[in-house]
1. Using a 1.4 angstrom probe and counting only protein chains, how large is the accessible area of LEU59 in Å², to 10?
2. When DSSP beta bridges are limited to those with both residues in the range 417-610, what percentage is antiparallel, rounded to the nearest 5?
3. With every protein chain left in place, what is the accessible area of ILE605 in Å² (1.4 Å probe, nearest 10)?
4. Say each of ASN501 and LEU118 gets a label point 7 Å from the Cα, pointing the same way as Cα to Cβ; how far apart are those two points in nm?
5. In terms of Cα to Cα distance under 17 Å, which aspartates and glutamates are near enough to LYS84, apart from those fewer than 8 places away along the same chain?
6. If the limit is 30 Å between Cα atoms, which of LYS210/LYS354; LYS210/LYS445; LYS390/LYS418; LYS471/LYS608 go over it?
7. Could you report the range 306-397's accessible area per residue, 1.4 Å probe, as an integer in Å²?
8. Straight-line reach only, C-alpha to C-alpha below 13 angstrom: list the aspartates and glutamates that LYS600 could link to, leaving out same-chain residues fewer than 8 apart.
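The values are calculated or read from the model by the stated rules, or taken from the named source; none is laboratory data. Nothing here was measured: the structure is a model prediction, and the numbers come from that model. Using ideal geometry, Cβ is built from the backbone for each residue, glycine included, and neighbour counts are taken over all protein chains shown. With ligands, DNA and RNA removed, areas are computed over all heavy atoms of the protein, side chains included. Shrake-Rupley method; radii C 1.70, N 1.55, O 1.52, S 1.80 Å.
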Amino acid sequence: MSKFFRNLLIIFAIFIVVAAAFSFFRTSDKNTQAISISQLTQEINDGKVDRIEVSDNSLNVFLKDNSKQTSTKEKEVAFSESLKNYGVDPNKLKETKIDIKSGGSSSFITSTLLPLLLPVLAIGLFIWFLMRQVQGSNNRAMSFGQSSAKVMETSDRRKRVTFADVAGVKEAKEELKEIVEFLRFPQKFFSLGARIPKGVLLLGPPGVGKTIMARAVAGEANVPFFHISGSEFVEMFVGVGASRVRDLFKRAKRSAPCIIFIDEIDAVGRQRGAGLGGSHDEREQTLNQILVEMDGFENETNVIVIAATNRPDVLDPALMRPGRFDRQVILDPPDINDREAIMKVHAKGKPLAKNVNMRQIAERTPGFSGADLANLMNEAAILAARRNVKEVEQIDLYQAIEKVMLGPERKSHLMSKKEKEIAAWHEAGHALVATVLPHADPVHKVSIVSRGRAAGYTMKLPAEDKNLHSKSEFLADMAVSLGGYATEKTIFNELTTGASNDLKVATNLARQLVTRYGMSDLGPMTFGESHDMIFLGREISEQKNYSEKIAARIDDEIAAFIDLGYKTALEVIKKYHKELKTIADKLIEVETIEREEFQKLVADIIPKEKMLQPGQADLPSNLPSPAVA
Ligand code: ADP
Ligand code: ZN
């Protein structure tokens, strides 16, 4: 907006300058004296006149004393004729120079046309500026129906990505190598009458590398890459999405062979007819248009559409029909080997110290996605730079893990002595319960250095690969979550707000046991159906499909689970009070205890299977993020 006012000011300034110039000329005009023809004749006879300019009927008279006069002659009569009529001395007239200028002279332009034209020009200029402003602030106002896809041309070598840049996801790579073949040697397939797939759907959680994979396909096949996000199709106005789809496909067909990548296709490809909110018509039209375009591909068109989503469950089945996105490629979260490989890819250009052991980092990062790992390597480099060292060291990588997982350490966050004491006992409570209960995950680290919004944290990592979770594990988790609360209550006979997140976690878990997993006395049933609100794409509403009577029983069951967890935690704390105190004291002293040290502290009570074996490397993979309590 300030730019707009600046331009307005410039225009205003131009106006003033022009106006000033005009008034100047006008006033200089007024200084020249207008005389009659008889006066002029007299002056010629007196020999005062040096030169006369005649254009049409107006005369500019330049006198020998350098002054200027104007006059007008009669129309239809030649100038010399006029002078003669007034009795000019022919000899004197001969001494005077007379310039005759033809009509339409410059004086006509300056005196008549310019004053008319200039304001028009100025106004035109003003409007042009305005238009530019409008376009500038809302770039797409003039090109609404055009797709805003970003194109990566093959000539753009710097940004070219190949399969070498994508680590892990082996199965997906194998599948997509076929697509590369189609793009590079289509003739091979046509000659055998094979139908080339038109669409590939990449499925996987955020950050596993769907985008980078699609780019790698384009890079390997050396074809242009059109990138657009599903949400970019959807505008406020109905019909825009569809016309953008048309435009995108038209552009793509022109540069075939090529790849169109539609990110977040679930933004437009949700099941039709499930319309909540006003925009569903628009989405349906957009989706229909995508389908129409894909159906309309001739077999020879060699444009392959790759779409990505992390919500395959909400996609319209029509998308998956043969001839559309009939190939589905699943990208799994990286396992320990993949994580190591991904970090190595992102270590390119970062000098690593000799002591760096990527395997150890991979062990400590179960649940990290490719994007998290890329971020981790970057954070490590930043931490190293801050320490003013020339190489990234293992310690930087360790610290980066926690930074990515929990947000930056807030060392500056000063705790009062009392606060520190409470936090130490609270975390010691979590850690102790996690250590003692056989079904709880082993403790990896305990700390009372605040991170992000947590005052302290206890990091547990599962000891083995788990895809199924048992009721015993859930109950143990609940007790661990309540361990902090139980400790505060026992030791200080007082409660703080520090436990609020723990309570939330425990309550949610208890609710799920009852309503999702059928693990309560209510029996093998689920309760409630969650609905996606489309515009948020998150579960925010839950439909109640049970009676008030059941609702009351659900609440009772949840309360019973929580009570069980709390009692278990209390019991552990009472029984192992000595160890609890040892952990809390150590925390107050050193603030952070790593796994090895922690094990020494609780060596007497830690179950064998939770001990870290010397040289133990293969920690689980494919697991949700490490739990933080
Ligand atoms: P998605 O599209 O699945 O959300 P992206 O492809 O945008 O994920 O991944 C984000 C970033 O994470 C990439 O730019 C890349 O740097 C990194 N990344 C993710 N997966 C991998 C992988 N398998 N190998 C290398 N880098 C990866
Ligand atoms: Zn806690």
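1. 0
2. Values: 13 of 13 bridges.
Rounded to the nearest five, the antiparallel share is 100 percent.
3. 30
4. Output for this residue pair reads 7.0 nm.
5. Within the straight-line limit of under 17 Å, LYS84 reaches these aspartates and glutamates: GLU43, ASP46, GLU74, GLU76, GLU95.
6. Numbers: LYS210/LYS354 32 Å; LYS210/LYS445 33 Å; LYS390/LYS418 41 Å; LYS471/LYS608 22 Å.
Listed pairs above 30 Å: LYS210/LYS354; LYS210/LYS445; LYS390/LYS418.
7. Numbers: 4170 Å² over 92 residues.
Here the residues of the range 306-397 average 45 Å² of exposed surface.
8. Qualifying aspartates and glutamates at Cα under 13 Å: GLU579.
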